[in-house]
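The values are calculated or read from the model by the stated rules, or taken from the named source; none is laboratory data. Given the structure is predicted, the values throughout are model-derived calculations rather than measurements. Positions of Cβ are backbone-derived with ideal geometry, glycine not excepted, and every protein chain shown enters the neighbour counts.
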Amino acid sequence: MSIRIIDENCNGCGLCKRACPQMAIEVENKKAIIDLELCNFCGACAAACRFRAVAIEIEKQAREDLSQYRNVWVFGEQFRGKVAPVVFELIGSGRQLADARGSELAVVVLGSDLEAAANELSEYALDKVYLYEAPELAQYDGERYARILADLCRGMKPEILLAGATTTGRSFMSQVAIKLYTGLTADCTGLAIGEDGLLYQTRPAYGGNIMATILCPYTRPQMATVRHKVFPHPEKRNNAKPPEVVRLNLKPQLHTSRSELIEFIEQVEATVNIVEADIIVSGGRGIQDPSNFALIQDLAQALGGAVGASRAAVDAGWIPYAHQVGQTGKTVCPKLYIACGISGAVQHLAGMSSSKTIIAINKDPEAPIFQVASFGFVGDCLEIVPLLTKKIKAMRGQG
Ligand SMILES: Cc1cc2nc3c(=O)[nH]c(=O)nc-3n(C[C@H](O)[C@H](O)[C@H](O)COP(=O)(O)OP(=O)(O)OC[C@H]3O[C@@H](n4cnc5c(N)ncnc54)[C@H](O)[C@@H]3O)c2cc1C
């Protein structure tokens, strides 16, 4: 794709400059000038121009030489210098992908004051940690982050780029993909290198009824986001060579953004964060009444765990959405998951089936939850759960 100003038509009126969301146009000597490094060919300038002075041409794209792309990158999401847990899980998976490709694994961190993040990351089996620090990056800004990460990819050409499917990852990785004219597979549950050297990106599709494996054969980088807890936390590198920490420099023009942060309001988590819990006791429609969540809560408390729920229970208004486990809720991977009155629909399993030990309590011996359960109780959870709570409290001397 190419874009140019038709000089004989341009009178320097500045309409295109005002319309450009990328702030890629300046007017000098009554002529518009486009900064091609900032332009993303959105066409807003051409639409705004009343003088037909902007020409955008779509060329038949020559297929790029993909062999110039090497290495696996993980986006090092951090908040106030603390690295997001999903980043470590991606380092574990990224290490396997990089080894399979015989290439390097790097984490790229954007922010300000990244010393602590660099130290934390250096404990893992990485080849490089790229740091890009600027005061404007102290707070997350999707537009800025996307522009900078895309620019780094253009220059350094990673073959694979992974990020957490967090609020941050979801909101800006798609912008990076668009800027790089490449594909992005969101919410992957499996990543592997195929015999052809491509990244096989697997994710649930059609409401979780099938698993789709998606390839990006013609463009680079191959981009994927992955939810927290889909992959295990990797071991630290121990005595292996520490990664090289590289501080990057970029043009300050890349820091521009159309948004301004007015205030940052921190939300205090009112509920237990089920994603981090080691033990989860979940209730489904089978608990029959919202008041019975008290039984689930009692068992969770006796075990020192958190309360989860199926979507049916959440949709019925029995418990807030923050507790929902599954495809449209949270993905969890606790040491112990107890499913009470939950049928085990594929969308629920998508969020909990990688739990280490699963105990299912269900009246129906044919319920699909038993297919993934390590242990099962066939019976009424309203009777079994209080008995379990009593027994556990007695064993723990909780009276
Ligand atoms: C696009 C999409 C996304 C979805 N995302 C999610 C998601 O993120 N999470 C999720 O959970 N669901 C999700 N769902 C819904 C999912 O398909 C199921 O409808 C839902 O998981 C069912 O919840 P449940 O098992 O609690 O209820 P049910 O399917 O009604 O099962 C209740 C179970 O309780 C058992 N039971 C009844 N009484 C008792 C008793 N007294 N003691 C013991 N057992 C008893 C029954 O035998 C039954 O197996 C999604 C659906 C779609 C289409």
Which ones in the range 60-70 are charged (D, E, K, R) and either at pLDDT 95 or above or part of a strand (DSSP E or B) (or both)? Arg70
Matching residues in the range 67-85 - criterion: being β-branched (Val, Ile, Thr) and either without any contact (Cβ under 8 Å) to a residue 24 or more places away in the chain or closer than 19 Å to Leu199 by Cβ (or both): Val72, Val74
Residues satisfying the stated conditions in the range 333-357, i.e. aliphatic (A, V, I, L, M), more than 10 Å from the ligand (Cβ to nearest atom) and either surrounded by fewer than 24 Cβ atoms within 10 Å (Cβ to Cβ) or without any contact (Cβ under 8 Å) to a residue 12 or more places away in the chain (or both): Leu336
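Yes or no, residue by residue, for (1) over 19 Å from Gly351 (Cβ atoms); (2) away from the ligand (no atom under 16 Å from the Cβ); (3) not assigned by TED's automatic domain parsing to the domain that holds Glu104:
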{"position": "Glu235", "(1), (2), (3)": "yes, yes, no"}
{"position": "Glu244", "(1), (2), (3)": "yes, yes, no"}
{"position": "Asn249", "(1), (2), (3)": "yes, yes, no"}
{"position": "Glu260", "(1), (2), (3)": "yes, yes, yes"}
{"position": "Phe264", "(1), (2), (3)": "yes, yes, yes"}
{"position": "Ser282", "(1), (2), (3)": "no, no, yes"}
{"position": "Pro290", "(1), (2), (3)": "yes, no, yes"}
{"position": "Ala294", "(1), (2), (3)": "yes, no, yes"}
{"position": "Ala300", "(1), (2), (3)": "no, yes, yes"}
Residues that are in contact with a helix residue (DSSP H, G or I) (Cβ under 7 Å, 6 or more places away or on another chain) and part of a loop (DSSP other than H, G, I, E, B), drawn from the range 218-229: Arg220, Pro221, His228, Lys229
For the range 358-399, give me the residue count where each residue is among the aromatic types (Phe, Trp, Tyr) and more than 9 Å from the ligand (Cβ to nearest atom). 2
Given the conditions (1) closer than 20 Å to Tyr206 by Cβ; (2) at pLDDT below 95; (3) buried (at least 19 other Cβ atoms within 10 Å of the Cβ), every one holds for Arg311 apart from (2)
Restricting the search to the range 120-137, which residues are surrounded by fewer than 19 Cβ atoms within 10 Å (Cβ to Cβ) and part of a loop (DSSP other than H, G, I, E, B)? Ser122, Glu123, Asp127, Ala134
In the range 281-399, which helices (runs of 4 or more DSSP H) lie fully inside it and hold 2 or more residues that are within 24 Å of Thr189 (Cα to Cα)? 311-315, 346-352, 369-372
Within the range 71-79, is there a residue that is part of a helix (DSSP H, G or I) and in contact with a strand residue (DSSP E or B) (Cβ under 6 Å, 6 or more places away or on another chain)? no
Filter result for the condition that a residue is touching a Leu at 6+ places or on another chain (Cβ under 6 Å), outside any loop (DSSP other than H, G, I, E, B) and more than 29 Å from Glu235 (Cα to Cα), over Ile178, Ile148: Ile148
